[in-house]
Each structure stands twice: as C-alpha cells, then as structure tokens.
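Trainee: First, the structure itself, so that you have it in front of you.
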Amino acid sequence: MTAFPPAVREALERLEAAGFSACAVGGCVRDSLLGQTPADWDIASSARPEEVKRVFADCRVLPTGERHGTVTAVLDGMPLEITAFRTEGPYSDGRRPDRVSFANSIEEDLSRRDFTVNAMAAAPDGQLRDPFGGRADLEAGVIRCVGEPAERFSEDALRILRALRFAAVLGFSIHPETAAAIRSQRGLLVRVSAERVWEELKKLLCGRDVLPVLLDFPEVFSQLIPELGPTVGFEQHTPYHLYDVYAHTARAAAAVPPDPELRLAMLLHDIGKPARFFRGPDGAGHFKGHPAAGADMAENILRRMKLPGKTVRRILPLIRYHDAAIRPEELRLWLSRLGEAGFADLLAVKRADNLAQNLEASDRREEYDRLEARAAEILRRGDCLTLRQLAVSGEDLREAGFSGPDIGRMLRELLFRVLKGGCPNDKSALLALAGTLKLPKPLRLGPHPSFCFRRAGESDAKAAGELYHAVTESIARELDPPCKGWRTGEYPTPETAREAWARGELFVLLADGEVVGAAVLNRRQPEAYRQADWAFSGSIWVLHTFAVHPDCRGHRAGRRMLDACEEWARAAGGDAVRLDTLAFNQPAIRLYEGAGFRYAGTIDLGLGIPGAKWFRTYEKRLSGGQKKDF
C-alpha cells in the first residue's frame with residue numbers, strides 16, 4: 001500500500017486510539033495498489049455513527065447516510081466517509097438493502113461488496129485485509145464478483161454496468177462466471193433509474209478499453225438501448241465496410257475522442273441502418289436516409305435516458321449529419337449553422353466513422369484534414385457567419401423600404417446568400433441584392449386555422465405554384481436537404497401545378513382560405529413501380545407531388561391532407577393508394593409510416609436527376625384488394 005494522506009492517517013489513528021478497529025476500504029485501496037491516486041477515501045470501522053461523532057467532536061461531521069451507518073467527517077478540508085462494519089439484508093427494490101445490520105469484523109463487511117478488487121481493506125499499519133483474493137485478481141487483471149455473481153447483481157443491477165465499466169476503464173477481463181451472470185441477469189437493468197445508468201455508462205464509454213467490452217457484451221447494451229439490438233450481426237453487403245453494423249458502431253465509438261457525449265453519439269449514429277436497408281440490382285447493400293431516421297430514433301432514446309436538453313441538442317446533429325457531404329464552398333454555411341464547436345464535433349464523428357470502415361475502399365482522412373484547415377482559415381479571417389456580422393442591419397433595410405417581419409426574413413436570406421458565396425458581405429451589394437429578391441409569401445394563420453380540402457380551381461393552381469416555390473426554396477436552405485437535387489427549383493414548379501390542374505388532378509388544402517398544401521392524385525403509375533413489392537391490387541390511385549407549406553407544418557397539415565386524399569380516392573371507388581418519396585426524405589417517410597402506409601420497397605425511378613435515384617414506395621389499402629401481379 002502507498003502511504004495514507006495525512007487526514008486519512010489521522011482519522012484511522014483517532015478511531016484506533018478510541019478503541020475501535022478502522023481500515024481504509026474499497027476503491028481507494030484498489031487504486032493505491034494500482035499505483036493511482038484515489039479520488040476519495042472511505043473508511044470502515046467498528047464504531048457506530050454516534051461513536052464516530054464523539055471521536056470527531058472537534059470536526060465537522062455530516063449525517064450523509066446515518067441510518068445505514070455512514071457519516072462524513074471533514075479533516076483538514078478533506079471529506080472522509082466513515083461507515084460502521086455492516087451486513088445487509090435482501091434488496092427488494094434492486095438498489096438498497098431492506099435492512100442493515102452492524103457487523104463485528106471487517107471480513108463480514110467486505111463480504112457484502114460487489115467485486116473482489118473492491119473488497120480489500122488497509123489497516124493503519126498498512127497491512128492488507130484481502131479475504132476474497134482481490135489483490136490476485138488485480139494483478140491478473142480480472143473483474144470477479146464476491147460470492148455468487150447472480151446474487152450480487154440481483155441486489156443492485158447497476159453492478160452489471162459497474163463490472164463493464166471497470167473492465168473498460170482498467171483494461172481488465174471479466175471472470176467467466178461473472179460474465180455469464182452479467183448476460184443472464186441483464187434484464188434486471190430495467191430496475192435501474194435512467195440517471196444512474198447514464199452516470200455509469202458515460203464512464204464506461206470513455207474507458208480506454210471500451211471496444212472489447214462493447215464487442216463482448218452487445219446483449220447488455222441492447223438491453224439498455226433496445227434500438228441497438230437489430231444492428232447486432234446485421235451484415236452491410238458493401239465494399240465500404242468490413243464489419244456488421246454493430247461491430248462497426250463499436251469501433252467507431254472507440255475511435256472518437258473520449259468525450260461521453262461524442263461516444264454516445266457514435267453508439268447511436270447507425271441505429272437507423274437496419275430499417276433503411278435495401279439491395280440494388282447488383283446485390284450491393286444501401287442504407288439511404290439512415291442518418292435522419294437514426295436521428296429521429298436517437299431523439300426518443302435520449303429523452304428516455306433523461307439527458308439534459310443541452311446534451312440532446314449536441315448529439316442529434318452529429319447523428320443527422322454524420323454521413324452528409326460537406327463541400328468546401330459550403331463550409332461557411334456549416335460553421336454558421338453548427339457553430340465552431342459543433343463543426344469540430346462533426347469532424348471528429350466523421351473521422352471516427354471513417355476509421356471504422358474499410359479504409360482501402362474509402363479513406364477520407366486527408367479530406368477531413370483539408371476541411372479542418374479551411375474551416376480554421378475561415379474563422380481566423382473572421383468571415384461573416386452570423387447576422388451580427390452581416391454588413392447590413394435591420395435599420396438599413398427599413399430605410400430601403402422594408403417593414404415588419406419582412407426585415408427579419410430578408411436579413412436571413414441575405415446571410416444565406418453570403419454564406420453560400422452568392423454575394424459578398426458588402427453593404428452596397430447586399431442592399432442591391434435585397435431590392436431584386438422576391439421571397440416566398442409567408443403564411444398569416446391564426447392559432448387554430450380552419451381547414452378545407454378540395455379539387456383545385458384555376459386560382460388554386462396559381463396559389464399551389466407559389467406553394468411549390470416556397471417548399472423548394474425552404475428545402476434548398478437546409479444543411480443536408482432531404483430531397484438532395486430533386487426539389488431545388490427544378491421540380492415541382494408553378495408549371496407543374498398548372499399542368500396538373502388542367503388535367504383535373506390537382507388537389508389543395510386550404511387553411512383560413514390560403515393554400516397550404518397541394519398534391520396530384522391520379523391513376524397513372526410510373527413504369528418503375530413494377531419493381532416494388534405491392535400487396536394490394538384493384539383500383540389503384542397514385543399520389544404525386546405532395547407538398548405542404550413550411551410555415552404550416554405545426555398544424556398537422558401534412559396528415560390532414562394525406563387523410564383527405566385517401567378519403568377522396570376511397571369515395572372514387574379506389575381500393576388502394578400508392579405513393580413514393582425520396583429515400584432521404586425522412587419527414588415524408590415519418591408522415592406516411594405514421595399514417596399507416598405499408599413500405600413496398602426502394603426502387604430506382606429512372607429519372608436521371610443527380611441525387612434522385614432511390615425512392616421508397618408505399619401503399620395503403622382503402623377497401624378490398626388482394627395481392628396480384630402489377
């Protein structure tokens with residue numbers, strides 16, 4: 001044993017002088033034997049709490065757990081937990097003993113502890129009390145339960161994670177009997193509060209040897225986060241990967257810097273893959289849209305874990321954008337949206353993700369180095385990244401004739417143009433540009449708008465065209481647009497709406513008299529639909545060009561319109577509705593799946609538009625319908 005700190009030695013000597021036995025115990029003994037400096041020191045003694053108070057009557061003594069035999073004495077500013085030798089009764093709640101009985105010896109006290117490496121005590125003379133072979137396990141690098149492992153874990157299921165945490169942090173193996181009990185008793189983790197799980201998990205994830213722990217105990221991590229379960233053993237069928245989804249995830253988590261939030265982001269970054277998997281005609285595996293799907297899943301997981309909002313806000317963008325292409329000319333936009341720290345986090349995530357892939361097929365390390373250097377140069381120059389740095393102000397726009405909410409909208413648009421490199425951050429140039437821009441008309445809806453669905457009239461067609469313009473402009477301003485090169489002004493357009501109206505196929509949703517949604521509904525199925533796995537037949541209606549105004553999404557306008565289209569098709573004698581959406585378009589996928597549409601496969605529509613190759617197809621039965629050929 002290394003020497004006791006002066007305050008610890010004084011406390012031990014005071015207790016011994018008063019006629020009590022006393023030893024340093026637990027983690028401080030373990031760490032000392034490992035040559036590490038203990039974070040804190042605990043003392044076990046034959047003295048009861050009231051006797052400890054008398055021994056330290058001249059010190060500050062806190063009743064931190066008096067009913068369980070623990071008080072904290074503060075000597076020379078150092079808090080020391082002093083606990084009476086004790087044994088424990090059953091753990092009905094899986095966390096605390098139902099009763100505590102005082103014991104007569106340190107050996108009895110040590111018998112209730114979790115692992116042998118924590119069941120050692122050091123007497124004032126430095127002699128080690130080690131009835132369960134903790135020192136030998138420490139030297140062998142083994143985590144082993146005291147007594148029967150299943151019993152130890154049933155007393156407090158958090159010990160399961162503590163065992164894995166010690167293995168990850170210390171680089172130890174887990175004794176086979178203890179490992180078997182960890183696996184068999186993992187279901188007990190449901191008893192443990194989310195807060196206690198995170199306190200243990202964040203230390204575990206940052207352990208130097210977290211990788212073997214993640215790889216050896218996937219069933220435990222899937223118990224904690226059930227969404228990880230489908231990734232275990234899920235083969236990727238792509239030359240860009242060497243491992244299944246979970247094994248890749250484990251390696252990526254171990255590769256990112258040991259920050260608990262970054263490592264949790266990597267643990268969750270690919271949970272969307274199993275649900276987004278499909279194979280192309282050549283047999284290659286694809287996971288189009290999995291980052292956004294994973295971010296949706298991760299949001300539910302992080303809320304379930306009761307993590308702080310700040311942590312959630314840091315992690316979700318890292319999952320959503322971990323696979324996004326960052327073009328050098330758009331770096332200012334990324335820095336503006338994510339901030340300097342957020343962008344640095346994203347680069348760290350991308351590097352870790354790449355290191356866990358097949359580097360012979362795709363080594364992006366130099367690309368990320370160049371992005372990092374270019375971002376540092378942008379920050380060093382002080383390029384405009386925020387409204388505060390913009391060369392024009394709200395007052396400048398007011399003097400130029402803008403008023404009300406249009407000022408804020410125009411400022412945001414000008415900043416976007418500067419970030420994209422479309423205009424220099426120069427006052428004259430920005431004011432000149434502002435005078436030429438025609439921004440999409442904003443909606444002016446009340447808190448509870450009245451909705452109406454109908455076949456479009458001629459005036460509706462014009463409004464629908466304006467709606468399509470608003471939608472394409474909104475999507476084009478997202479960091480990683482869900483529709484990629486599809487809805488970026490090429491389609492749909494005002495001409496799309498007018499042509500559909502002329503055929504009698506355009507339908508609109510109005511809110512307080514304004515067109516807030518538009519869709520084309522007809523019976524023409526694209527030829528590529530033959531590739532999908534349809535379950536229903538009969539009279540098939542197809543929903544195309546479905547769009548909802550970005551200012552109206554908070555009113556469930558998308559679901560209202562979808563339901564109305566279904567009702568119209570049903571009234572027209574339809575048996576089923578079919579539709580498709582780009583595989584990246586998570587908001588649309590969330591809407592369709594939430595409305596009960598059945599996924600029918602991912603297909604290539606053969607449009608020849610960059611970024612618009614793979615589409616997810618969906619169908620919903622209205623009435624009748626049996627599986628038949630196309």
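Trainee: Can you name every residue in segment 14-47 that is open to solvent by 60 Å² or more (accessible area, probe 1.4 Å) and either farther than 22 Å from G134 by Cβ or aromatic (F, W, Y) (or both)?
Mentor: Result: E16, A17, G19.
Trainee: For segment 518-626, give me every one of the strands (runs of 3 or more DSSP E) that falls completely inside it and has 1 or more residues that are among the small types (G, A, S) and touching a residue at least 60 places away in the same chain (Cβ under 8 Å).
Mentor: 540-548, 598-604
Trainee: Of the residues A429, A348, only one is more than 28 Å from the chain's Cα centre (by Cα) and either closer than 30 Å to A252 by Cβ or of a type in the set (A, V, I, L, M, F, W, C) (or both); which?
Mentor: A429
Trainee: A further question on this structure: I need the full set of residues from segment 131-151 which are surrounded by fewer than 21 Cβ atoms within 10 Å (Cβ to Cβ) and in a loop (DSSP other than H, G, I, E, B), in order please.
Mentor: Passing the criteria: P131, G133, G141, G147, E148.
Trainee: Quickly run through segment 188-233 and pick out the residues that are of a type in the set (V, I, T) and more than 12 Å from V169 (Cβ to Cβ).
Mentor: Across segment 188-233, the qualifying residues are V190, V192, V197, V220, I225, T231, V232.
Trainee: Here's something else I'd like to know. Kindly evaluate K462 against the criterion of being of a type outside the set (A, V, I, L, M, F, W, C) and modelled with pLDDT under 90.
Mentor: So K462 does not fit the description; no.
Trainee: Among the numbered conditions (1) under 34 Å from the mean Cα position of the chain (by Cα); (2) more than 30 Å from T238 (Cβ to Cβ); (3) not in a helix (DSSP H, G or I), tell me where A391 comes up short.
Mentor: (1)
Trainee: Residue check: is R208 open to solvent by 60 Å² or more (accessible area, probe 1.4 Å) and touching a residue at least 60 places away in the same chain (Cβ under 8 Å)?
Mentor: no
Trainee: Follow-up question, since we're still on this one. Could you please find all residues in segment 475-496 being open to solvent by 40 Å² or more (accessible area, probe 1.4 Å), modelled with pLDDT of 85 or more and either in contact with a Pro (Cβ under 7 Å, 6 or more places away or on another chain) or assigned to a loop (DSSP other than H, G, I, E, B) (or both)?
Mentor: If the condition is that a residue be open to solvent by 40 Å² or more (accessible area, probe 1.4 Å), modelled with pLDDT of 85 or more and either in contact with a Pro (Cβ under 7 Å, 6 or more places away or on another chain) or assigned to a loop (DSSP other than H, G, I, E, B) (or both), then R477, E478, D480 are the ones that fit.
Trainee: Return the pair list, or none, for Cβ contacts closer than 7 Å from residues in segment 144-167 that are touching a residue at least 24 places away in the same chain (Cβ under 8 Å) and within 18 Å of T87 (Cα to Cα) to residues that are buried (at least 20 other Cβ atoms within 10 Å of the Cβ) and acidic (D, E), at least 6 apart or on different chains.
Mentor: Here the result reads C145/D114; V146/D114; R152/D114; R159/D114, each pair linking segment 144-167 to a residue that is buried (at least 20 other Cβ atoms within 10 Å of the Cβ) and acidic (D, E).
Trainee: Looking at I319, I326, I315 in this structure, which one is touching a residue at least 12 places away in the same chain (Cβ under 8 Å), open to solvent by less than 70 Å² (accessible area, probe 1.4 Å), β-branched (V, I, T) and over 25 Å from F416 (Cβ atoms)?
Mentor: I315
Trainee: How many residues, within segment 111-144, are among the hydrophobic types (A, V, I, L, M, F, W, C), in contact with an Asp or Glu (Cβ under 7 Å, 6 or more places away or on another chain) and closer than 16 Å to A181 by Cβ?
Mentor: Matching residues across segment 111-144 total 0.
Trainee: Out of segment 163-199, which residues are under 23 Å from D209 (Cβ atoms), within 23 Å of the chain's Cα centre (by Cα) and of a type in the set (D, E, K, R)?
Mentor: If the condition is that a residue be under 23 Å from D209 (Cβ atoms), within 23 Å of the chain's Cα centre (by Cα) and of a type in the set (D, E, K, R), then R165, R186, R196, E199 are the ones that fit.
Trainee: Just need a number here: residues in segment 227-269 that are within 15 Å of F217 (Cβ to Cβ) and of a type in the set (A, V, I, L, M).
Mentor: Looking only at that region, the number is 7.
Trainee: Give me the residue from segment 415-456 that is under 24 Å from W501 (Cβ atoms) and in contact with a Phe, Trp or Tyr (Cβ under 9 Å, 6 or more places away or on another chain) and, out of that set, surrounded by the most Cβ atoms within 10 Å (Cβ to Cβ).
Mentor: Ranking the candidates gives A456 first.
Trainee: Now for a separate question. Determine if segment 388-396 includes at least one residue that is under 23 Å from K441 (Cβ atoms) and of a type in the set (K, R).
Mentor: No, because not a single residue in segment 388-396 is under 23 Å from K441 (Cβ atoms) and of a type in the set (K, R).
Trainee: Restrict the check to segment 233-243 and report whether at least one residue is open to solvent by 60 Å² or more (accessible area, probe 1.4 Å), in a helix (DSSP H, G or I), at pLDDT 95 or above and within 21 Å of G294 (Cβ to Cβ).
Mentor: No, because not a single residue in segment 233-243 is open to solvent by 60 Å² or more (accessible area, probe 1.4 Å), in a helix (DSSP H, G or I), at pLDDT 95 or above and within 21 Å of G294 (Cβ to Cβ).
Trainee: Something else now. Could you list all residues from segment 374-397 that are among the hydrophobic types (A, V, I, L, M, F, W, C) and under 12 Å from N425 (Cα atoms)?
Mentor: C384, L385, L387, L390, A391, V392, listed by residue number.
Trainee: Quick test for you: out of R578, R590, R598, R616, pick the one residue that is of a type in the set (D, E, K, R) and out of contact with any helix residue (DSSP H, G or I) (no Cβ under 9 Å at 6 or more places or on another chain).
Mentor: The unique qualifying residue is R598.
Trainee: Related question: Quick one: count up the residues across segment 402-414 that are part of a helix (DSSP H, G or I) and either over 17 Å from A391 (Cβ atoms) or open to solvent by less than 20 Å² (accessible area, probe 1.4 Å) (or both).
Mentor: 7
Trainee: If you scan segment 267-281, which residues turn out to be in contact (Cβ under 8 Å) with a residue 60 or more places away in the chain, assigned to a helix (DSSP H, G or I) and either out of contact with any Leu (no Cβ under 8 Å at 6 or more places or on another chain) or within 11 Å of P291 (Cα to Cα) (or both)?
Mentor: R276
The values are calculated or read from the model by the stated rules, or taken from the named source; none is laboratory data. Keep in mind the model is a prediction, meaning the values are calculated, not measured. In this analysis, Cβ positions are derived from the backbone assuming ideal geometry, glycine residues included, and neighbour counts consider all displayed protein chains. What goes into the accessible areas is simple: the full protein's heavy atoms, side chains included, and nothing from ligands, DNA or RNA. Shrake-Rupley method; radii C 1.70, N 1.55, O 1.52, S 1.80 Å.
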